[in-house]
Each structure stands twice: as structure tokens, then as C-alpha cells.
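The values are calculated or read from the model by the stated rules, or taken from the named source; none is laboratory data. A quick note: this is a predicted structure, and the numbers were derived from the prediction, not measured. All Cβ positions, glycine included, derive from the backbone under ideal geometry; neighbour counts span all protein chains shown. All accessible areas refer to the heavy atoms of the entire protein, side chains included, with ligands and DNA or RNA removed. Shrake-Rupley method; radii C 1.70, N 1.55, O 1.52, S 1.80 Å.
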Amino acid sequence: MSQPDDLLYKTETWSFREHWISFIHALQDRICAALEDLDEKSVFVTDEWERERGGGGRTRVITGGRVFEKGGVNTSVVWGKVTDVMRTQLKIDGKNWFACGLSLVIHPLNPYVPTTHANWRYFELYDDSGHVSDRWFGGGADLTPYYLFREDARHFHRSFRAAMDPFDTDLYPRYKQWCDEYFVNKHRDNEMRGIGGVFYDHLRPVDAADADRLFAFQQANGNAFLPAYLPIVEKRAAMPYGEREVEWQEVRRGRYVEFNLIHDRGTLFGLKTNGRTESILMSLPPRARWEYNYEPAEKSPEADLLDACRHPRDWVK
């Protein structure tokens with residue numbers, strides 16, 4: 001991947017960015033290897049691409065697996081000029097921008113195994129002189145089950161609380177609430193797409209020491225993903241299921257699609273900055289369903305999951 005000739009790579013944060021790029025590439029390798037080992041059938045296909053207007057990425061996709069029907073673990077290192085569309089629709093101002101991150105979505109085959117999403121990113125803005133005018137971290141991880149197992153929800157949430165508590169015990173409850181409020185289909189009466197997790201954005205360092213602290217915070221969260229998710233998959237992947245469970249899975253996947261295409265800021269940012277469409281829409285499931293005015297039967301397992309999506313809960317108790 002070629003580097004730009006302008007000041008994007010010549011600021012005082014050059015080495016900081018390189019350290020972050022190395023981390024997300026290593027994390028991508030580690031996550032893909034662990035998921036392949038668990039699947040035992042399919043492997044990730046790697047697609048390296050370049051962005052005409054600056055940068056590129058490494059998209060890795062797994063399909064047709066024993067456990068994972070479709071999934072992607074993507075990294076990108078991209079940059080460009082701040083456009084009028086970005087200023088008006090994304091509220092980003094400056095002359096140039098730089099973004100680097102990892103984003104993943106995993107859609108398992110078995111409806112008793114939850115879908116999961118995570119991303120960890122770093123963003124910089126530059127002024128007319130090429131100096132950094134703003135920079136921040138963002139990220140998080142969340143769980144989208146189709147059937148609710150409370151012990152799985154507790155394990156996932158407790159894993160990320162354990163990652164955050166060493167930095168500040170106020171962070172997990174704050175970012176858990178942020179996640180509950182963000183991953184919501186507002187057009188469906190504020191119905192969450194899943195049972196949440198953690199989400200945060202625009203974590204701006206006040207100085208170099210704080211930047212290192214936020215970097216370490218991002219590392220802790222990224223490193224918590226596999227221990228948070230894999231034990232759940234291992235526990236549920238062999239559970240028997242039938243047509244009823246698949247139909248419900250497809251209905252809930254429809255809600256997932258709605259959120260990603262209507263509300264998700266990452267999807268909108270990628271599309272508004274002329275990002276690579278195939279990589280951006282990798283997050284969509286291979287199958288989904290929309291039933292008119294669908295409601296599950298009262299007191300059914302499906303209704304139990306839907307109630308959790310409509311009424312956020314404290315999962316770490």
C-alpha cells in the first residue's frame with residue numbers, strides 16, 4: 001500500500017499511528033486463527049485492496065463453515081480530504097483525515113449461537129498546515145443472540161467489564177449504557193438489535209500520556225474479544241435446532257440489517273467517504289426475513305429474547 005506524499009504521514013503522531021496499525025493487524029491475525037480453529041471446516045479468504053483516494057485494507061471473510069455461516073474480520077488504513085458531505089452529514093471539519101481500525105461481524109449457522117460485532121478504531125483530523133487538529137479513539141463489542149441464555153449474556157458483559165475496570169470502574173456502566181442507546185432501531189420503537197455490550201466514541205487524549213493510556217484501553221478491549229465470545233460459541237454450536245429456530249433467526253437478522261443500513265455511523269462513514277462497498281456491507285447476514293407485523297407467541301423463547309431487546313437489563317449481576 002503506497003503512502004501519501006503530503007503531510008498525512010509526517011505529523012508528530014507518525015510513530016503512534018504505526019504502533020496502532022501494527023496492533024490491529026496482529027489482532028486480526030489472532031482472531032481469524034482462533035475462529036478457524038473452532039470452525040474446523042472453512043477458513044478466511046483474504047482480499048487486500050487499495051483505495052483510490054488514499055489507503056487500503058485487508059478484508060478477511062469466512063463462509064459456509066461448520067459453525068460460521070458468514071463472517072468478516074476487516075482492517076483498513078485510509079485517509080483523504082474532508083469533503084462537504086463529511087462536513088454536513090458527519091459533522092467532521094478540517095482539511096484532511098486519517099482513519100485506521102478493525103471491524104468484525106460474525107454470523108453463526110446455529111440459531112442458538114449469537115451473532116457478534118466489534119470494532120476498534122483511531123481517527124485523526126488535520127488543519128490546513130498539516131498539523132493534527134483533532135484525534136480520538138472509538139470502539140466496542142456487542143452480542144446479538146437469537147435465543148437468550150442469561151449465563152452467556154453475563155459472561156460477555158463481565159468479560160468487557162473486567163477489561164475496563166483497571167482503567168476506571170465507572171467506564172463499563174457508562175459504555176454499557178451508551179451501547180444500549182446506540183444499537184437501537186429507533187424506527188421500531190427503540191428496539192435494540194441485541195443485548196448490547198459496550199460502545200464508546202470520540203475518546204480524545206489530552207496529552208501524550210493520555211494517548212498512551214487510551215491506546216492501552218483499546219488494546220485491553222480488543223484482547224478481551226476472544227475470551228468473551230468463543231466460550232459461548234463452544235457451548236451452543238452443537239445444540240439441535242429446526243425450521244422454527246431458523247425462521248426466528250432470519251427475522252432477527254432482518255432487524256440487524258435495518259440497523260446497519262439506517263442508523264450505523266460506521267456504515268454511513270464508509271459509504272460517505274467512498275469506502276470499499278464490499279468490505280462495508282460484509283456485515284450483512286447471508287439470509288434475512290421480513291414478516292409483516294410479526295410478533296412471537298407469548299411466553300415463548302422468542303418472546304423472551306424480544307423482551308430483552310425492548311427492555312435493557314443489567315447483565316453483570
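For the condition of a type in the set (Gly, Ala, Ser), more than 14 Å from the chain's Cα centre (by Cα) and under 27 Å from residue 83 (Cα atoms), what is the one hit in 270, 266, 275? The match here is 275. Scanning region 93-143 for residues that are in contact with a strand residue (DSSP E or B) (Cβ under 7 Å, 6 or more places away or on another chain), open to solvent by 10 Å² or more (accessible area, probe 1.4 Å), closer than 27 Å to residue 72 by Cβ and not in a strand (DSSP E or B) returns a single hit, 109.
Among the numbered conditions (1) more than 18 Å from the chain's Cα centre (by Cα); (2) without any contact (Cβ under 8 Å) to a residue 40 or more places away in the chain, the only one that residue 305 does not meet is (2). Only one entry of 13, 63, 75 meets the criterion of being at pLDDT 90 or above and either over 30 Å from residue 253 (Cα atoms) or open to solvent by 30 Å² or more (accessible area, probe 1.4 Å) (or both), and that entry is 63. Which members of region 47-75 meet the condition of being under 17 Å from residue 97 (Cβ atoms) and touching an Asp or Glu at 6+ places or on another chain (Cβ under 9 Å)? Answer for region 47-75, where residues must be under 17 Å from residue 97 (Cβ atoms) and touching an Asp or Glu at 6+ places or on another chain (Cβ under 9 Å): 56, 57. Restricting the first member to region 117-133 and to residues that are closer than 19 Å to residue 87 by Cβ and modelled with pLDDT under 95, and the second to residues that are of a type in the set (Asp, Glu) and open to solvent by less than 20 Å² (accessible area, probe 1.4 Å), the beta-carbon pairs closer than 6 Å and six or more apart or on different chains are 132/124. With respect to (1) open to solvent by 20 Å² or more (accessible area, probe 1.4 Å); (2) within 16 Å of residue 120 (Cα to Cα), the lone exception for residue 215 is condition (1). Considering only region 248-268, I want to know if a residue exists there that is over 28 Å from residue 100 (Cβ atoms), open to solvent by 70 Å² or more (accessible area, probe 1.4 Å) and among the aromatic types (Phe, Trp, Tyr). So far as region 248-268 goes, no, none of its residues is over 28 Å from residue 100 (Cβ atoms), open to solvent by 70 Å² or more (accessible area, probe 1.4 Å) and among the aromatic types (Phe, Trp, Tyr). Residues in region 278-293 that are assigned to a helix (DSSP H, G or I) and open to solvent by 70 Å² or more (accessible area, probe 1.4 Å): 1 in all.
Just name the residue that is least open to solvent (accessible area, probe 1.4 Å) out of those in region 24-59 that are of a type in the set (Lys, Arg) and more than 20 Å from the chain's Cα centre (by Cα). It would help to see each step written out before you state the result.
Within region 24-59, the subset of a type in the set (Lys, Arg) is 30, 41, 51, 53, 58.
Still in the list and also more than 20 Å from the chain's Cα centre (by Cα): 41, 51, 53.
Working: 41: 141, 51: 32, 53: 156 Å².
Restricting to residues being of a type in the set (Lys, Arg) and more than 20 Å from the chain's Cα centre (by Cα), the top hit is 51.
Among the conditions (1) closer than 16 Å to residue 311 by Cα; (2) under 19 Å from the mean Cα position of the chain (by Cα), residue 190 misses just one, which is (2). So which residues in region 149-184 are in a loop (DSSP other than H, G, I, E, B) and open to solvent by less than 20 Å² (accessible area, probe 1.4 Å), if there are any at all? Within region 149-184, 183 is the sole residue that qualifies.
Residues in region 185-212 that are surrounded by 20 or more Cβ atoms within 10 Å (Cβ to Cβ), assigned to a strand (DSSP E or B) and among the aliphatic types (A, V, I, L, M): 192, 198.
Among the residues of this structure, residue 83 does not count as one that is in contact with a helix residue (DSSP H, G or I) (Cβ under 7 Å, 6 or more places away or on another chain) and either open to solvent by 20 Å² or more (accessible area, probe 1.4 Å) or among the β-branched types (Val, Ile, Thr) (or both).
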